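J.: Before I ask anything, let me first share the structure, which is written out below as C-alpha cells.
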Amino acid sequence: MTSLLITNVRPYGEGEPVNVLVENGVIASVNAGADAQADSTLDGKGAVLLPGLVDMHVHLRYPGGEDAETIETGSRAAARGGFTAVFAMANTTPVNDSPVISEAIWHKGQQVGLCDVHPVGAVTKGLEGETLTEFGLMARSDAKVRMFSDDGKCVDNPRVMRRAIEYARGTDVLLAQHCEEPRLTEGASAHEGENAGRLGLGGWPRVAEESIVARDILLARDYHGRVHFCHASTAGSVELIAWGKQQGADITAEVTPHHLLLSDDLLDTYDGTYRVNPPLREETDVEALRRALLDGTVDVVATDHAPHTPEDKACEFELARPGMLGLETSLAIIAEIFVKGGLADWRWVAKVMSERPAEITRLADQGRPIAEGEPANLTLVNEDDTWAVDEAGFASKSSNTPYRGHTFSTRVAATVLRGEVTFAGDRR
Ligand code: DOR
Ligand code: ZN
C-alpha cells in the first residue's frame, strides 16, 4: 500500500484548512490528523484544493511533430498546469484515424505517467472530410477513444457531418467540431474587422464560425447526436448555442483562455504569436464569451494548447502557423478573470475546468468530488503567488505563449494523479 498525506489545504477554497489522506490512489480521509501516518507528505501551505483539471482540447503533436511537443513534454506541461487528464487532437502526422495510432498515443501517455492522455480520433480518414473512420474499432481499442474530431479542419460537408452524427450515436461517442466554413476563410489570418482592414490582413469573418454552429445544431437536433463545439469565439456563436440548448439539441461548447482574455487589438504588433484559429476577436465577443461561460451556455474551458516551433511562428504574421500554448497558464487566467475579478468562486472553477469536461467526455475517474472513496486526482492552487510568465521556465517544448511578461497572482502549486505527485512547485 502506498499513501500520501496532503496537509493544510482548503477543498474548493472553502472553510478551514484540512489534511487529506490518500491510500492506494484513493482519498481515504478529508479530515485526517496532522500526525496521520503516510509514506510521503505534500505540504499544502493553505492552498485551494480542486479536483484534477481536465482539458478537452490539446495538441501534443505525437506522432510526427516532436520538434514542437512530445507526449512527455506535453504531459509535463499538463501536470504543471494542474491537469490530470487531457484529450490530444488527431491532426498529427500520420493522422490519428486508426486504432493502432490511438493505442500508441494512449500507451505512451501511460508510460510517461504524468497525466492521462486520451487520444481524440479523426472523424474522417486523413482529415480529408470524406470517408468516416472506424469509430467503433477505435472506441473498443485499448485507447477507448470517446471523442472524434477533425480539429484544425472543419467537417464542412453537411452530408458527411450528418452521417458522422448518426454513426456516433450508435457508439455513444462525442463529435467535436472545429467550426469554420472554409470557403469563407480562404486567405484569412485575422478576425474580419477594423484592425485587420487597417493592417491589410485577410479577414476571417464571424459568419464562417457561426454558419457551421447553426448548421450543426440543427443536425444534432434532427439526428440526435452529441455534438461539442470547439473554441467558440463570437457573441453570435454563443447566442446560437443558447438557442440550440433551448431546442433540446444535445450540444456542448468550450471556450479557450485566450478568447476570454485577448482581443484583436494585439494584432498591431504583427507578431505571429497572436495568430490563432479561430482568430482573436473584439472586446464585445470577449465580454459575451465570459458571460456565456458564467451562465452555463458555454460548458467548459479548454486550452487548445497548440505548440509550434520558432520557425513556424517567428515569421510574417500571415505565414505564421495558427496556435498558442495554453496548458501552463490556463488556471491562472481563469482565476484572474473570474475569481479575483469577483465573478465566480472556486466551486465554479472546479465545474468548468474539471467536472463538466469529465462528464462530457464520460471519464468516470476524473472531475469527481473531493470526498472519501473518490480517486485522488487533485490540483493544489496557491491564490497568492504572483509570477511573471517566462516561457524559459515552461515544460512545453515550444515557447509560443501570447502571455510573455504577463503577471498573474494565482499559480498551480501541485498536481496529484491517482495519489502520485506529478508536479510540486516548491512544495517538497
Ligand atoms: O490555432 C489553432 N491551432 N487552431 C486549430 O484549430 C489547430 C491548432 C493547431 O493544430 O495548431
Ligand atoms: Zn480547432
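The values are calculated or read from the model by the stated rules, or taken from the named source; none is laboratory data. Quick caveat: nothing in here was measured; it's all calculated off a predicted structure. Note that each Cβ is placed from the backbone with ideal geometry, even for glycine, and that neighbours are counted across all protein chains shown.
For every residue, the table says whether it meets (1) buried (at least 17 other Cβ atoms within 10 Å of the Cβ); (2) of a type in the set (A, V, I, L, M, F, W, C).
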{"site": "Met1", "(1), (2)": "no, yes"}
{"site": "Ile6", "(1), (2)": "yes, yes"}
{"site": "Gly13", "(1), (2)": "yes, no"}
{"site": "Val26", "(1), (2)": "no, yes"}
{"site": "Asp35", "(1), (2)": "no, no"}
{"site": "His57", "(1), (2)": "yes, no"}
{"site": "Gly64", "(1), (2)": "no, no"}
{"site": "Thr73", "(1), (2)": "yes, no"}
{"site": "Arg76", "(1), (2)": "yes, no"}
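J.: Any chance the range 218-233 includes a residue that's outside any helix (DSSP H, G or I), within 28 Å of Ile334 (Cβ to Cβ), within 24 Å of the chain's Cα centre (by Cα) and among the basic types (Lys, Arg)?
T.: There is at least one residue in the range 218-233 that is outside any helix (DSSP H, G or I), within 28 Å of Ile334 (Cβ to Cβ), within 24 Å of the chain's Cα centre (by Cα) and among the basic types (Lys, Arg).
J.: Please work out if Ala232 is within 15 Å of ligand 1 (Cβ to nearest atom), in contact with a Leu (Cβ under 6 Å, 6 or more places away or on another chain) and not basic (Lys, Arg).
T.: no
J.: If I ask for residues that are in contact with a helix residue (DSSP H, G or I) (Cβ under 9 Å, 6 or more places away or on another chain) and of a type in the set (Asp, Glu), which ones from the range 381-427 would you list?
T.: Glu383
J.: In addition: From the list Val117, Val112, pick out the single residue that is of a type in the set (A, V, I, L, M, F, W, C), at pLDDT 95 or above and in contact with a Gly (Cβ under 6 Å, 6 or more places away or on another chain).
T.: Val117
J.: Could I ask something else about it? Residues that are in contact with a Leu (Cβ under 7 Å, 6 or more places away or on another chain), assigned to a helix (DSSP H, G or I) and more than 16 Å from ligand 1 (Cβ to nearest atom): does the range 307-322 have at least one?
T.: no
J.: Here are some residues: Thr41, Thr84. Which one is closer than 24 Å to Pro369 by Cα, of a type in the set (Ser, Thr, Tyr) and crowded, with 23+ Cβ neighbours inside 10 Å?
T.: Thr84
J.: Also, quick follow-up: Would you confirm, using the coordinates I've provided, whether Asn91 is surrounded by fewer than 24 Cβ atoms within 10 Å (Cβ to Cβ) and closer than 26 Å to Ala232 by Cβ?
T.: Yes.
J.: Moving on. Restricting to the range 172-227, give me the number of residues that are over 20 Å from Phe317 (Cβ atoms), of a type in the set (S, T, N, Q) and either surrounded by fewer than 17 Cβ atoms within 10 Å (Cβ to Cβ) or within 16 Å of ligand 1 (Cβ to nearest atom) (or both).
T.: Count: 1.
J.: Now for a different question. Could you please give the count of residues in the range 47-85 that are without any contact (Cβ under 8 Å) to a residue 40 or more places away in the chain and touching a strand residue (DSSP E or B) at 6+ places or on another chain (Cβ under 7 Å)?
T.: Result for the range 47-85: 0.
J.: Collect the residues in the range 264-300 that are within 17 Å of Gly202 (Cα to Cα), more than 16 Å from ligand 1 (Cβ to nearest atom) and in a loop (DSSP other than H, G, I, E, B), keeping them in residue-number order.
T.: Selection gives Tyr270, Glu282.
J.: Related question: How many of the residues making up the range 148-195 are farther than 14 Å from Val227 by Cα, away from ligand 2 (no atom under 14 Å from the Cβ) and of a type in the set (Ser, Thr, Tyr)?
T.: Adding up the residues that qualify gives 1.
J.: Give the residues of the range 287-309 that are more than 16 Å from ligand 2 (Cβ to nearest atom) and either of a type outside the set (A, V, I, L, M, F, W, C) or buried (at least 20 other Cβ atoms within 10 Å of the Cβ) (or both), sorted by residue number.
T.: Those that are more than 16 Å from ligand 2 (Cβ to nearest atom) and either of a type outside the set (A, V, I, L, M, F, W, C) or buried (at least 20 other Cβ atoms within 10 Å of the Cβ) (or both): Glu287, Ala288, Arg290, Arg291, Ala292, Leu293, Asp295, Gly296, Thr297, Asp299, Thr309.
J.: A further question on this structure: Quick check, is Leu240 crowded, with 21+ Cβ neighbours inside 10 Å, in contact (Cβ under 8 Å) with a residue 24 or more places away in the chain and more than 16 Å from ligand 1 (Cβ to nearest atom)?
T.: It is true that Leu240 is crowded, with 21+ Cβ neighbours inside 10 Å, in contact (Cβ under 8 Å) with a residue 24 or more places away in the chain and more than 16 Å from ligand 1 (Cβ to nearest atom).
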